[in-house]
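Trainee: Just dropping this structure here.
The values are calculated or read from the model by the stated rules, or taken from the named source; none is laboratory data. Computed from a predicted structure; not experimentally measured. Cβ placement follows ideal geometry from the backbone for every residue including glycine, while neighbour counts extend to all protein chains displayed. Only protein heavy atoms, including side chains, enter the accessible area calculation; ligands, DNA and RNA are left aside. Shrake-Rupley method; radii C 1.70, N 1.55, O 1.52, S 1.80 Å.
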Amino acid sequence: MLRFDDLQLFVRAADLGSLSAAARGMDMSAAVASAALKRIEQQLGARLLARSTRSLRLTAEGEGFLEYARAALSNLDEGRRLLASGQDQVSGVLQLSAPSDFGRNLLLPWLDEFQREHPKLTVRLLLGDRIADLFRQPVDIALRYGEPEDSSLVALPIAPQNRRVLCAAPSYLARHGEPRHLEQLAQHNCLLFMLGSRVHDHWSFHDGKREVSLTVSGDRFSDDADVVRLWAIAGAGIAYKSWLDVAADVLAGRLKVLMPELLCERAPLNLLCAHRAQLSKPVNLLREKLASRCAGLSSHFPGLAGIDD
């Protein structure tokens, strides 16, 4: 196979009428240039340049091959420019998976804005709370709460300080009273979330002195985290949710954070991918946008601000 730099040397030597001048222009020694020219002539099975101690000229075969060498180099340069311009643009298909609640209520409007900024980008979004198999499913990246169970995945932080909060609707609290101590959760209807076949009914907290874990119960549970949020807004009970998922509801007064002095379970939001090669320019730009937006939401809740993980 012909080497790019060998072709380049041949064309420059033909243009300059000197192999040594071509070698100096390409920052190589005369010996290396001579070996390169010999290599390309052997590969082609033809003599391209007739050389003497004082002059260099194209042979008939060299004249015929020169235009093809120029065209090949030109095409390669054009290909390089095309790749460079493509890397500067945000285009193509971005395939991602996200949790149901975060995806519907936060990610969708942020993706709308992202696509308005980058109209050549196509987005393929899968929503669900089951962990996406990044090696089998048609997704490039996944947004997920918690630390990844698969250590082979690349995990990049989006909201590393995010935590769960206890919350309930004012209508529920008006009917059943507001719990002031964790032990009082036993007298309340707790809205439970299922992940696979497991019900998340074991809630953990830190009261400033010790870790406290307790098992809660309620009359309903769902494998869709957004359903749990909607039940909470409707006044059906107390939810233990990621702050990012309920921040807008708390700020709008639809939900109230209970016992805000408690430090609740960590729920870091990470961007996961199978290989670092999938961290394309669109993915990195989206990651920056999501991290910025999540940080803005976290700043509204003093219990989350300034926490060192």
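Trainee: Does A248 satisfy the condition of being within 26 Å of L96 (Cβ to Cβ) and open to solvent by less than 10 Å² (accessible area, probe 1.4 Å)? If you could, list the steps in order and put the result at the bottom.
Mentor: Numbers: within 26 Å of L96 (Cβ to Cβ): yes; open to solvent by less than 10 Å² (accessible area, probe 1.4 Å): no.
Here the answer is no, as A248 does not meet what is asked.
Trainee: Which residue out of L44, L2, L76, L83 is among the aliphatic types (A, V, I, L, M) and at pLDDT 85 or above?
Mentor: Details: L2 fails: at pLDDT 85 or above; L76 fails: at pLDDT 85 or above; L83 fails: at pLDDT 85 or above.
L44 is the lone residue from the list that is among the aliphatic types (A, V, I, L, M) and at pLDDT 85 or above.
Trainee: Filter the range 268-285 for residues that are open to solvent by less than 60 Å² (accessible area, probe 1.4 Å) and of a type outside the set (A, V, I, L, M, F, W, C); which is modelled with the lowest pLDDT?
Mentor: Let us first name the residues in the range 268-285 that are open to solvent by less than 60 Å² (accessible area, probe 1.4 Å), namely 268-274, 278-280, 282-285.
After this cut, where a residue has to be of a type outside the set (A, V, I, L, M, F, W, C) as well, the list is 268, 270, 278, 280, 282, 284.
Values: P268: 94, N270: 94, Q278: 78, S280: 85, P282: 89, N284: 91.
The selected residue is Q278.
Trainee: Please specify each residue of the range 166-184 satisfying the condition of being over 38 Å from the mean Cα position of the chain (by Cα) and assigned to a helix (DSSP H, G or I). Steps first, please.
Mentor: To start, the set of residues in the range 166-184 that are over 38 Å from the mean Cα position of the chain (by Cα) comprises 171-181, 183-184.
Passing the criteria: S171, Y172, L173, A174, R175, H176, E183, Q184.
Trainee: Just to verify a result, which residue in the range 286-298, among those that are open to solvent by 40 Å² or more (accessible area, probe 1.4 Å) and over 8 Å from the mean Cα position of the chain (by Cα), is farthest from L106 (Cα to Cα)? Show your work before the answer.
Mentor: Taking the range 286-298 and keeping what is open to solvent by 40 Å² or more (accessible area, probe 1.4 Å), we get 287-288, 292-293, 295.
Now drop any that are not over 8 Å from the mean Cα position of the chain (by Cα), which leaves 288, 292-293, 295.
Details: E288: 15, S292: 13, R293: 9, A295: 13 Å.
Selected residue: E288.
Trainee: Taking the conditions exactly as written (more than 34 Å from the chain's Cα centre (by Cα), modelled with pLDDT of 95 or more and exposed (fewer than 13 other Cβ atoms within 10 Å of the Cβ)), does G208 satisfy them or not?
Mentor: no
Trainee: Is it the case that A69 is touching a residue at least 24 places away in the same chain (Cβ under 8 Å) and among the aliphatic types (A, V, I, L, M)? Spell out the reasoning first.
Mentor: Details: touching a residue at least 24 places away in the same chain (Cβ under 8 Å): yes; among the aliphatic types (A, V, I, L, M): yes.
So A69 passes the test.
Trainee: Can you find even one residue in the range 168-184 that is closer than 22 Å to L290 by Cα, buried (at least 17 other Cβ atoms within 10 Å of the Cβ) and in contact (Cβ under 8 Å) with a residue 40 or more places away in the chain? Please lay out each step first, then the result.
Mentor: Looking only at the range 168-184, we keep the residues that are closer than 22 Å to L290 by Cα, and these are none.
Taking every residue of the range 168-184 in turn, none turns out to be closer than 22 Å to L290 by Cα, buried (at least 17 other Cβ atoms within 10 Å of the Cβ) and in contact (Cβ under 8 Å) with a residue 40 or more places away in the chain.
Trainee: Looking at the range 212-240, I want the residues that are more than 18 Å from G177 (Cβ to Cβ) and have a partner that is modelled with pLDDT of 95 or more and assigned to a loop (DSSP other than H, G, I, E, B) with Cβ atoms under 6 Å, at least 6 apart or on another chain. Which pairs are those?
Mentor: Cβ pairs passing all conditions: V228/L191; W231/L191; I233/A169; I233/R254.
Trainee: Here's a follow-up. Being open to solvent by 20 Å² or more (accessible area, probe 1.4 Å) and β-branched (V, I, T) is the filter; apply it to the range 213-244 and report the residue that is farthest from the chain's Cα centre (by Cα).
Mentor: Checking each candidate, the answer is T215.
Trainee: Tell me, which residue of the range 187-199 that is free of Cβ contacts under 8 Å to residues at least 24 places away in the same chain and out of contact with any His (no Cβ under 9 Å at 6 or more places or on another chain) is nearest to L262 (Cα to Cα)? Talk me through it step by step, then tell me what you get.
Mentor: Going residue by residue through the range 187-199, those that are free of Cβ contacts under 8 Å to residues at least 24 places away in the same chain are 187, 197-199.
If we keep only those that are out of contact with any His (no Cβ under 9 Å at 6 or more places or on another chain) as well, we get 197-199.
On the way: S197: 29, R198: 25, V199: 23 Å.
It comes out as V199.
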